[in-house]
Every structure is written in structure tokens, then in C-alpha cells.
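See structure below.
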Amino acid sequence: MSRVRIDAQKLKQEVIEFNSQLIETYQTLKRLPNIEMGQTPAETLLHIDKMRLQYYQPETPSTEHPPLLICYALVNRPYMIDLTPERSLLRKLLDKGIAVYLVDWGYPDASDRYLDLDDYINYYLDRCVDKACEHANVNKMNLMGICQGGTFSLCYTALHPEKIARLITLVTPVDFHTDDFTLSHLARHVDADLAVSTYGNIPGTLLNDTYQSLMPMRLGLKKNLDLPFTLADEQNAITYLTMEKWIEDSPDQAGKAFAEFIKHFFQENRLIKDALDIGHHEVRLKRITQPVLNIYATQDHLVPPSSSKALQGRTSSRLYREKSIASGHIGIFVSSKQGNQLSEAIANWLSADL
């Protein structure tokens, strides 16, 4: 066995440089202001239980771009689309004159343990669609669903097609049994009923640990080792801390809805098999006739492109388009490398003469 020779002088210098970097990082953190997120002003149009419907009015409303209702996932906070003014999908849409309605699911507590998917989709989301239509003075609303919210939006549109004009699915799982869907492989081994009987509501911290376990080196060891260098620059530090604050601000999941989603989607893949019922109503993707724009991230480690692209040919839409963006599941919203790709794709779809 060959021996590894260690250069003591080089090692000493590396330790000195690392310590100097730590001191510089400490000084940077002392200078930083409080980390604020979701700073764009909003008006609450509807407040039912924990759920709120937020309205964002553009300074100069566009006659070319109709309003948009955004349905986010239950598992994270929706201000991902409005993290900082410089990296805000919401502000980019407002700058294009698009009025935005956003579903904020809030923070479930013990009283919400028995909320199910029927409550979320056929009650809360349905009330949001109705209120948004009333407020915008339109008969049908344009709906965009993000991640799990995209799955909800597909279900909602299939159940209430008369209320939706155009549909956008963004990093949305459709086929939960593709070979490269790592999260699904893990979820198939979860005893959802046992988890709910143990916890009641499923802790958001537990789900965070699960997501990070998908990339343990990159999201764990490497991220921590890089911290002194990541936090040395003030702007980089703000970006990093903003993202970390959002990651840690994960709501608990209503027990019954969590169990249903795990079993019906991840484990049994009912949506793609046309075997899904929600609230005793059949969810059939073929009932979707609206124009559909399906946007996915090519480097998505949570929802692989194969899962999202499975939507093609499953609806009855005469106009189905896919848009790929070279990014990850979160980077598609906040990465500066992507520029305005996402907001332009959304705006173009809303204004296109279809």
C-alpha cells in the first residue's frame, strides 16, 4: 500500500487561509441587514381557515396579458417566486402587466389533521378560482401550478374544466413511476398511515431531511464546507441565507392529505393510470381540453423531466407545448443564469392568439 505524503507547510498555509476566511465571513454576517422575503405588496382577497388568496396588482396592467392564478405546493412556502426583488418571478410577471393571484396554503396545525385532497382541491382551490374570476371580472381563469401545485392544477382542471381558460404546469410530476424518479422510489416504501398515526401532521423538518437525502454530498457535506467562501461576499451571503430561510420555513403537512398523496400518486400512480378519484369524482386527464404549456427543468433532481413530459398525449388539448429550461428544481425560479426565460415563456403563453 502506497503512503500518502503530507506537505506540512502547505497544510499549515491552508489552515491559516481557512481561518482568515472564517473571520472575513463573520465580519460579513455582522454587516448584513435582516433577511426579508416576499416583499411585493399584496391584497388578501379571501381567507378561509389557514388558506389565503393574495392579489398582486401590476403598476401598469396589460391589455394583452390576462390575469393568472398560481397554485403552489403544500410542502413549501409560495414566496419562492418572490424571494428577493432581484430574483422575483412574481415581479417579472407584474412588470409585464400581468395581474397575479397566488394561493397561500398557510401553516396547518393539529386541527387540520383530517383535511384531505378533496378539501384542498374541490373546496379551497375552487373557492380561489371563483374569487379570482369574480375579482378579475372574467368567466374563466388562467391557472399555473408549481410542483405538487401543478399536480393539483391538473386534477382541478380535469374536475372543473369549465372554469379554466389556459393551463400551465411548472416542474410538475405527472408519471410518478419513471425509472429516474428517486423521490418516488423512496416514497413507495413509506407506510403513510403509520406515519400519520405516529405524527398526526407530518413535520416539515422531516420532509426537508428527506429532500436533502437525495443529494447528500452536494446538499450536505459540500454545502457546509463551502460556507466560509459562500458567505464571504455580502450579496452571495444574502442569496444563500434567503434560500436557507425559505428551506427551513416548511409547513407541516395535514395528515390525511399527505397520506392520500403518498398512496394515490407516489405509490399507486393513479393519475397517469386514469384510476384517481377525489371527493368521489373521477379525475381523468382526457377531460382537459384547454391549451397546456408544460415547463420543466432539465437538471431537476426532485421532479425529473421524464415525469413531467409524461403529460404529452394524456389530455385532450388540441394545443400542447413543452418548454425546457436548463436549470434545477429551484434554480428555475431564482438562478440569475436563466434571466427572463421563465417569465417570458409564461407571458407569451398567456398573450398568444391560440
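Applying the Kirkwood pairwise sum to the alpha-carbon positions of region 278-350 produces a hydrodynamic radius of 13.6 angstrom.
Region 78-134 has equivalent-ellipsoid semi-axes of 27, 16, 6 Å, by the square roots of 5 times the alpha carbon gyration tensor eigenvalues, sorted largest first. Projecting the Cα atoms of Gln148, Ala136, Trp105 onto the charge dipole of region 84-172, computed from C-beta unit charges around the Cα centre, puts Ala136 farthest toward the positive end.
At 4 °C and 1.567 mPa s, grab the translational diffusion coefficient of region 228-311 from Stokes-Einstein with a Kirkwood Rh over Cα pairs, rounded to a whole number in µm² per second. Reported coefficient: 78 µm²/s.
Which is the longest stretch in the chain that no exposed loop site breaks, taking sites as trypsin sites (Lys or Arg not before Pro) with a DSSP loop state and at most 12 other Cβ atoms within 10 Å? Longest gap between qualifying sites, sites excluded: 6-272.
Using alpha-carbon pairs under 8 Å, 6+ residues apart, how would you state the relative contact order of region 277-348 in percent? With pairs under 8 Å counted, the relative contact order is 33 percent. A Gaussian network model of the chain, with springs between Cα atoms under 10 Å, assigns the largest mean-square fluctuation among Thr289, Thr63, Thr40 to Thr63.
The long axis of helix 234-248 is offset from the longest Cα principal axis of the chain by roughly 50 degrees. Using Cα atoms only, what is the angle between the long axis of helix 148-159 and the major principal axis of the chain, expressed in degrees (0 to 90) to the nearest 10? Around 10 degrees separate the two axes.
Taking Cα centre as origin and charging only the Cβ of basic (Lys, Arg, +1) and acidic (Asp, Glu, -1) residues, the dipole magnitude of the chain rounds to 820 debye. For region 200-352, the average shadow cast by the Cα convex hull is 11.4 nm², which is a quarter of the hull's surface. Give the calculated FRET efficiency between Asp7 and Asp49 to the nearest 0.05, with a Förster radius of 51 Å applied to their Cβ-Cβ distance. Computed FRET efficiency for Asp7 and Asp49 comes out at 0.20. Measuring spread by the Cα atoms of region 19-147 yields a radius of gyration and Dmax of 18.0, 62 Å.
Mean separation of Cα pairs under 8 Å and 6 or more residues apart, divided by the residue count, gives region 236-320 a relative contact order of 22 percent. Full extension of the segment from Arg188 to Lys245, taken as 0.36 nm per residue of separation minus the current Cα-Cα distance, would add 17.6 nm. Applying 1/(1 + (r/R0)^6) with R0 = 41 Å to the Cβ-Cβ distance of Asp277 and Gln57 gives a FRET efficiency near 0.60. Estimated at 0.36 nm per residue, the fully extended path between Leu319 and Thr198 surpasses their Cα-Cα distance by 39.0 nm.
Binning all Cα-Cα separations of region 43-351 at 10 Å, short to long from zero, yields these whole-percent fractions: 6, 27, 37, 23, 6, 0.
Every number here is computed from the coordinates shown, using simple stated rules; none is lab data. Computed from a prediction, not measured in an experiment: that's the story for all the values here. So basically every Cβ, Gly included, is an ideal-geometry build from the backbone, and we count neighbours across all protein chains shown.
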